[in-house]
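Asks: For reference, the structure I am asking about is given below.
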Amino acid sequence: MTTVATRLESPQALEEYRERLRALRKSDARRVRVCMGTGCTAKGAPRVLARFRQAAEDSGGGEVVETKCTGCHGFCERGPIVVVDPGNIFYQGVKEEDVADIWRETVLQGRPVERLLYKDDATGGLARTPEEIPFYRAQRRVVLALNGLVDPKSIDDYIAAGGYAGLAKALTTMKPDEIIEIVTRSGLRGRGGGGFPTGRKWRSCRDAHGEPKYVIANGDEGDPGAFMDRSLMEGTPHAVIEGMIIGGYAVGSSHGYIYVRNEYPMAVEHLSLAIRQARELGLLGEGILGTTHSFDIKINRGAGAFVCGESTALMASLEGRVGEPRAKYVHTVESGVWGKPSLLNNVETWANVPAIIVKGAEWFASMGTQGSKGTKIFSLVGKVKNSGLVEVPMGVTLRQMIFEIGGGIREGKRFKAVQTGGPSGGCIPEEFLDTPVDFDELTKLGSMMGSGGMIVMDEDTCMVGVAKYFLEFLRDESCGKCTPCREGIAQMLEVLTRISKGEGRDGDIAVLEELGALLKDAALCALGTSAPNPVLSTVKYFREEYEAHIREKRCPAKQCPGLFRYEIDPAACKACGVCRKKCPVQAISGERKKPHVIDQSKCTNCGTCFQVCAFSAVKKV
Amino acid sequence: MAAEKTDAVAAVVERYGRDVGMLIPMMQDLQAEFGYLPQEELKKLSRAVGVPLSRIYGIATFYASFRLVPKGEHTVTLCMGTVCYLKGANRISEALQKELGLVPGGTTADGKFTFCPVNCLGACALAPVMVVDNEYFGGLTPASAMELLQRIAAGEKVEGVAEKPKGGRAGREARRP
């Protein structure tokens, strides 16, 4: 399985290598694939994989079974996920003790283990393959196509699956201008959030004067609640690398950087390994595939600064400086890292490139909406039943995303809002659920696509609290260089904090709107100009909730401490005494067999009684 | 000891070919070696690469992952991402700070735990999630997080699983499919 380190000196050599790899892999081979995405890993997937490897060893080599780890399958909610071939049988929630059953029944005898199959709550039916599961049915996996199929640590796996064919085609049959033309016609737009037409950016960089030029992949996925880029870098690192080499050829650059977030050690590990393997095969380095194009990639780890997702701040960080953005009178495609032309794209954008080259601009443009082509990966998370990673064609509605793929809201609660675009985005209420998801539609609603975080909120979510959460985040992450952002966010946060404590005043909403407008106009970079979005969008769609906090000193979602109270429902109370014992301020009294009572004058609203009551007798009112 | 530390800076500078652009990776490597950035090492680094100490100090304080003080025995990384927030991470944070007498970035008096809240761990399906010494623990409540740390403090080897909290309303909610 390990790579035979032969340099591939021509596209023909690559094809021959691919054929050799494929010949070695019988299509009817028995194969156990264990998801090693973060969710599954955290839920114990490495131990499950170890058991499978042990089982394979114990069978004495009589059975040739391939056990491999793969990148994220996306259905993190149900991890650890195990898929067995032949048959593509999909198991969820697999524990170590389940391995023996899967091995005996499925691997050796080809029969499914029913209790580990996905069960559709609505119909009660069992799904054998991913295609039968609603979570996967509405998806279309282009960028994530190989996540879950290939071993991210094996370049052979990627090549056998068709990898680096786009690179070979681009280098040997296309001129740089033709590549830019195809990317332009495909309609690909920046996946990091900005949505800038990728082809146009490449064109500007190609036309820019100055040597050397730099090609950069932005993997500094900073939006909380988003892990698309993480799963992509961890699961299919070669797609990012292949895209970058093609981009380098198109704009005339032989220097690449991948800027990876510090919190993603596995992404760094897989990318580093992938780069090493690509070098060994001559897919990176001097004279790639025997052509005159040379390209190599360095990995830089971020050091924990959200603002470094901004292009000029990221480039400052690459130069070994603090990540402060600069005004973009001159774009980074003309003057970026070290003052040289620099082409920065998000890792998901890069990973789209090889498929566009292989399948053509028309194929890509056939997916999506008028202004937003292709597919987009979202991390669908929050109070939704099926948390996970989802790739859909642009134009799918929010309702489809949340209720079809996501399975609706947990615990039968009511949908309240969906937050898109991270801290720069906004909250979209129920009335707009039928909006198609694309760059322009979400912007019209006062939110944005962002990098693809989609956080679902239910009736228990306080929108003032959410706005406050994001502003706290942004205040901490503001670099402090420009005054509107540094002081404006702090002022807005002060007003919001007051409101959430029940100390809001008439006119506070107007102050928030005024400060928000100021930030949009005056802040230096996108962090500042988009910082008011969480506040302005919640004020726009949930104004009555702000007013309830300010005028009635009441939190309708019963989240803001002090703006609601805890009471014990005498009918539900079983007088077990747990709340009385756990109350840190002895505010609860009651005798055996008599309903307990909270003394409101002593209660500090800590919520302990609510947490510990086994009979749901403690109510928020 | 002193000679060893001199080597650390020299080795790191050498590793990146004295490239000033690689100042941040150099500092990351130093931190990986010492667990934090000792003042003396930063002074040496400043001389070795010819960058003013003020700029190095600026970098060390600008980026959240750099530390200027040593770490405790165990590192407790609590995710404060949006999903974790919605599912109560702020209550966990408050509980840990109160019970352990900690501030974000701080270390307990007994040197057992260093508390590092982070923006997002990208493991939203496990929310609220906490990482202790590279093991992930999901579906936490303030009580179960405290209990977990008590077990770790007592020297128990706890395997990271998306543990579900027991009992009470939170337990039931977490257990529901």
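Asks: Can you tell me the convex hull volume per residue for the stretch A:566-620, based on C-alpha atoms, in Å³ to the nearest whole number?
Replies: 64 Å³
Asks: Return A:Leu518, B:Leu149, A:Leu144 ranked ascending by Cβ neighbour count within 10 Å, so the fewest neighbours appear first.
Replies: Least crowded to most crowded, the residues run A:Leu518, B:Leu149, A:Leu144.
Asks: Let me ask another. To the nearest 10 degrees, how steeply does helix A:237-251 sit against the main Cα axis of chain A, on a 0 to 90 scale?
Replies: Result, in degrees: 60.
Asks: Further question on the same structure: Between A:Arg104 and A:Leu433, with labels modelled 7 Å along Cα→Cβ, what's the label distance in nm to one decimal, could you check?
Replies: 4.5 nm
Asks: Hey, with R₀ at 41 Å, roughly what FRET efficiency would A:Asp177 and A:Arg22 work out to, going by the Cβ-Cβ distance, to 0.05? Don't skip to the end; give the middle numbers.
Replies: On the way: r = 33 Å, r/R0 = 0.82.
My answer for the efficiency is 0.75.
Asks: Would you mind checking the tilt of helix A:11-24 against the longest principal axis of the Cα atoms of chain A, expressed as 0 to 90 degrees and rounded to 10?
Replies: 70 degrees
Asks: Based on the Kirkwood radius over alpha-carbon pairs, what is the Stokes-Einstein translational diffusion coefficient of the stretch A:24-137 at 20 °C with 1.002 mPa s viscosity, in µm²/s?
Replies: In µm²/s, the coefficient rounds to 152.
Asks: What FRET efficiency would be calculated for the residue pair B:Ala11, A:Ala572, taking the C-beta separation as r and a Förster radius of 60 Å, to the nearest 0.05?
Replies: Numbers: r = 66 Å, r/R0 = 1.09.
The computed FRET efficiency comes out at 0.35.
Asks: With angles folded into 0 to 90 degrees, how steeply does helix A:176-186 sit against the dominant principal axis of chain A? Use alpha carbons for both and round to 10.
Replies: Helix A:176-186 sits at roughly 40 degrees to that axis.
Asks: For the stretch A:375-458, with equal point scatterers placed on the C-alpha atoms only and solvent neglected, what are the log10 I(q)/I(0) values from the Debye formula at q = 0.21, 0.23 1/Å, to two decimals?
Replies: Computed log10 I(q)/I(0) values: -0.88, -1.08.
Asks: Multiply the residue gap between A:Lys298 and A:Ala510 by 0.36 nm, knock off their C-alpha separation, and tell me the result in nm, one decimal place.
Replies: 71.5 nm
Asks: Sticking with this one: Please check which bits of the stretch A:419-462 a label hung off A:Arg554 would reach, taking the label as a point 7 Å along Cα-to-C-beta and the cut-off as backbone N under 17 Å.
Replies: Flagged as within label range: A:460-462.
Asks: Towards the positive end of the charge dipole of the protein assembly as shown, with charges on Cβ (+1 Lys, Arg; -1 Asp, Glu), say which of B:Gly50, A:Met454, A:Met228 has the farthest Cα.
Replies: A:Met454
Asks: Working only with C-alpha atoms, what are the Rg and Dmax values of the stretch B:2-62, expressed in angstrom?
Replies: 10.2, 30
Asks: Also: Tell me, how many Å apart are the Cα centres for the stretch A:310-345 and for the stretch A:50-125?
Replies: 47 Å
Asks: Evaluate E = 1/(1 + (r/R0)^6) for B:Asn134 and B:Val20, where r is the Cβ-Cβ distance and R0 equals 41 Å; express this FRET efficiency to the nearest 0.05.
Replies: 0.85
Asks: Another question, if that's okay. Please get the size of the charge dipole for chain A, origin at its Cα centre, with Cβ charges of +1 on Lys and Arg and -1 on Asp and Glu, quoted in debye to the nearest 20.
Replies: Computed about the Cα centre, the dipole is about 1300 debye.
Asks: Can I ask one more? Counting Lys and Arg as +1 and Asp and Glu as -1, each charge on the Cβ, what is the dipole of the stretch A:354-447 about the Cα centre in debye, to the nearest 20?
Replies: Dipole magnitude for the stretch A:354-447 comes out near 340 debye.
Asks: Given the Cα-Cα distance of A:Ala29 and A:Arg414 and 0.36 nm per residue of separation, how much length would full extension add, in nm?
Replies: Roughly 134.0 nm would be gained on extension.
Asks: Could you tell me which of A:Val618, A:Leu380, A:Thr41 has its Cα farthest along the dipole of the protein assembly as shown towards the positive end, charges placed at Cβ (Lys, Arg +1; Asp, Glu -1), taken about the Cα centre?
Replies: About the Cα centre, the residue reaching furthest to the positive side is A:Val618.
Asks: Right, another one. What spacing in nm lies between the two simple spin-label points modelled at A:Thr604 and A:Val358, each 7 Å away from Cα in the Cβ direction?
Replies: About 6.0 nm separates the two model spin labels.
Asks: What are the GluC sites (Glu not before Pro) within the stretch A:243-332 that DSSP puts in a loop, where the Cβ has at most 13 other Cβ atoms within 10 Å?
Replies: Values: sites: A:Glu263, A:Glu269, A:Glu280, A:Glu286, A:Glu310, A:Glu319; in loops: A:Glu263, A:Glu286, A:Glu310, A:Glu319.
Those satisfying the criteria are A:Glu286.
Asks: Could you list the trypsin sites (Lys or Arg not before Pro) in the stretch B:1-76 that lie in coil according to DSSP, counting only those with at most 12 other Cβ atoms within 10 Å of their Cβ?
Replies: Values: sites: B:Lys5, B:Arg15, B:Arg18, B:Lys43, B:Lys44, B:Arg47, B:Arg55, B:Arg67, B:Lys71; in loops: B:Arg18, B:Arg67, B:Lys71.
When the trypsin sites (Lys or Arg not before Pro) of the stretch B:1-76 are filtered for loop state and at most 12 Cβ neighbours within 10 Å, B:Arg18 remain.
Asks: So, counting K/R as plus one and D/E as minus one, what does the shell of residues with Cβ under 10 Å around A:Lys620 add up to?
Replies: On the way: positive: A:Lys558, A:Arg565, A:Lys619; negative: A:Asp460, A:Glu567.
The answer is +1.
Asks: With no solvent and one equal point scatterer placed on each C-alpha of chain A, evaluate the Debye formula and give log10 I(q)/I(0) for q = 0.12 Å⁻¹, two decimals.
Replies: Values, matching the q order: -1.27.
Asks: So what's the back-of-envelope 222 nm ellipticity for the protein assembly as shown, counting only DSSP H runs of four-plus at -39500 (n - 2.57) apiece and dividing by all residues, rounded to 500?
Replies: Result for the protein assembly as shown, helices only: -11500 deg cm²/dmol.
Asks: Roughly what % antiparallel, to the nearest 5, for the DSSP beta bridges in the protein assembly as shown?
Replies: Taking every DSSP beta bridge within the protein assembly as shown, about 55 percent pair in antiparallel fashion.
Asks: Give me A:Met233, A:Met367 sorted ascending by neighbouring Cβ count inside 10 Å, so fewest comes first. Numbers along the way, then the final one.
Replies: On the way: A:Met233 30, A:Met367 19.
Starting with the residue having the fewest Cβ neighbours, the order is A:Met367, A:Met233.
Asks: What share of the DSSP beta bridges in the stretch B:33-135 is antiparallel, in percent to the nearest 5?
Replies: 45 percent
Asks: Let's see if you can work this out: charge +1 on each Lys and Arg Cβ, -1 on each Asp and Glu Cβ, no other charges. What is the dipole magnitude of the stretch A:506-588 about its Cα centre, in debye to the nearest 20?
Replies: Once rounded to the nearest 20, the dipole reads 740 debye.
Asks: Do any trypsin sites (Lys or Arg not before Pro) in the stretch A:545-621 lie in a loop, going by DSSP, with at most 10 other beta-carbon atoms within 10 Å of their beta carbon, and if so which?
Replies: Filter output for the stretch A:545-621: A:Arg592, A:Lys593.
Here, each number is a calculation from the coordinates, and none is a lab measurement. It should be emphasised that the depicted structure is a prediction, and the values quoted were computed from it without experimental measurement. Because the Cβ atoms are built from the backbone with ideal geometry, glycine has one as well, and the counts that use them run over all protein chains shown.
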